[in-house]
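Everything below concerns the one structure shown next.
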Amino acid sequence: MVTANYYGGTIRYGKIIAYLENEQLNMLYQCLTIDNELKAGKAIAQISLTATNKIKLTLNWEWLNDQNKKGVSEYIEIS
């Protein structure tokens, strides 16, 4: 099980819960925006390593209550 808090940009506070299966995180997330909007979504995050052995997450995400907007985001470890 993986849990996390997040914030920044337009997100006042957010919470993630996920479980790891093989090299993927199955995630659900919810947040409160700076405009007091509640949002929720889901994502599948593929875990890999870069050529310099940094952790890389590639997320296929979808908002559940924002006209089901979808996208792909990448996050790479920086330290």
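The values are calculated or read from the model by the stated rules, or taken from the named source; none is laboratory data. None of the values given here were measured: they were computed from a predicted structure. Every residue, glycine as well, gets a Cβ built from its backbone with ideal geometry; the counts of neighbours run over all protein chains shown.
So here's what we get for this one:
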| item | result |
| --- | --- |
| Hey, residue 13 surrounded by fewer than 14 Cβ atoms within 10 Å (Cβ to Cβ), modelled with pLDDT of 95 or more and either touching a Ser or Thr at 6+ places or on another chain (Cβ under 9 Å) or not in a loop (DSSP other than H, G, I, E, B) (or both) or not | yes |
| Complete set of residues in the range 30-55 that are under 19 Å from residue 76 (Cβ atoms) and in contact (Cβ under 8 Å) with a residue 24 or more places away in the chain | 45, 47, 48, 50, 54 |
| Extreme residue, modelled with the lowest pLDDT, among residues of the range 28-65 that are closer than 17 Å to residue 15 by Cβ and either hydroxyl-bearing (Ser, Thr, Tyr) or outside any strand (DSSP E or B) (or both) | 65 |
| Candidate set from the range 16-25 (those that are of a type outside the set (Ser, Thr, Tyr) and either part of a strand (DSSP E or B) or modelled with pLDDT of 95 or more (or both)); member that is surrounded by the fewest Cβ atoms within 10 Å (Cβ to Cβ) | 21 |
